[in-house]
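Report on the following structure.
Bear in mind these aren't lab numbers, they're just calculated from the coordinates by the rules spelled out. Because the structure is a prediction, the values reported are computed rather than measured. We place every Cβ from the backbone using ideal geometry, glycine too, and count neighbours over all the protein chains shown.
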Amino acid sequence: MTPEELIAAARKAQNNSYSPYSQFKVGAALLTDGGNIYTGVNVENASFGLTVCAERVAIFNAISNGEKDFSAIAITGDHKGYTYPCGACLQVLAEFSPQIKILLTDENDNYQEYYLKDLLPQLFSLENQEVNI
Ligand code: THU
């Protein structure tokens, strides 16, 4: 699987984005350790706070299909410049694959490669908390 192939899958999914309120289409394609791809798009709602990002939809799609180990995720958007994942999506990705590679693309499919820890250096983990206060 090349980065270009994963990006193409995210770009294709992006067409199905339901984003009438922001007019910002986002697509995500998640690659499993076994080589399968699960995609997601942002799904908005008239009650704005119920919107779910493309990345989380892709993760939930994969989890629903029994997959938990991911090596990469590609993210595309229909605006100019690179589309960055939000903090909430990074936290959800970290739950399953803290080592995951993240491919960010611009409108011309140029891509930048990050590791999750580059974008979310201090993730929330129950193991890091003192629970007995
Ligand atoms: N969005 C995503 O799908 N992923 C992100 O990481 C950031 C934002 C969506 C949510 C909303 O539908 C639109 O982009 C504008 O914020």
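Helix-only arithmetic for the chain: the sum of -39500 (n - 2.57) across DSSP H runs with n ≥ 4, divided by the residue total, places the mean residue ellipticity at 222 nm at -8000 deg cm²/dmol. Straight Cα distances below 15 angstrom link LYS80 to the aspartates and glutamates ASP106, GLU107, ASP109, with same-chain residues fewer than 8 positions distant left out.
Would any residue of the range 36-53 have its amide N under 18 Å from a label point 7 Å out along Cα→Cβ of ASP78? List them or say none. Once the point is set 7 Å along Cα→Cβ of ASP78, 40-46, 51-53 turn out to lie under 18 Å by backbone N, inside the range 36-53.
Between GLU113 and ASP33, the simple label model (points 7 Å from Cα in the Cβ direction) yields a spacing of 2.0 nm.
Simple point charges give the picture: +1 on the Cβ of Lys and Arg, -1 on the Cβ of Asp and Glu, and for the chain a dipole about the Cα centre of about 280 debye. For the chain, the Kirkwood hydrodynamic radius comes to 14.9 Å, computed from all pairs of different C-alpha atoms.
Extending 7 Å from Cα along the Cβ direction at LEU123 and again at ILE63 yields two label points whose distance is 1.2 nm. Using a simple spin-label model with pseudo-atoms 7 Å out from Cα toward Cβ, GLN23 and ALA88 lie 2.3 nm apart. Other residues whose C-beta falls under 12 angstrom from the C-beta of TYR84 contribute a net charge of -3, scoring Lys and Arg +1 and Asp and Glu -1.
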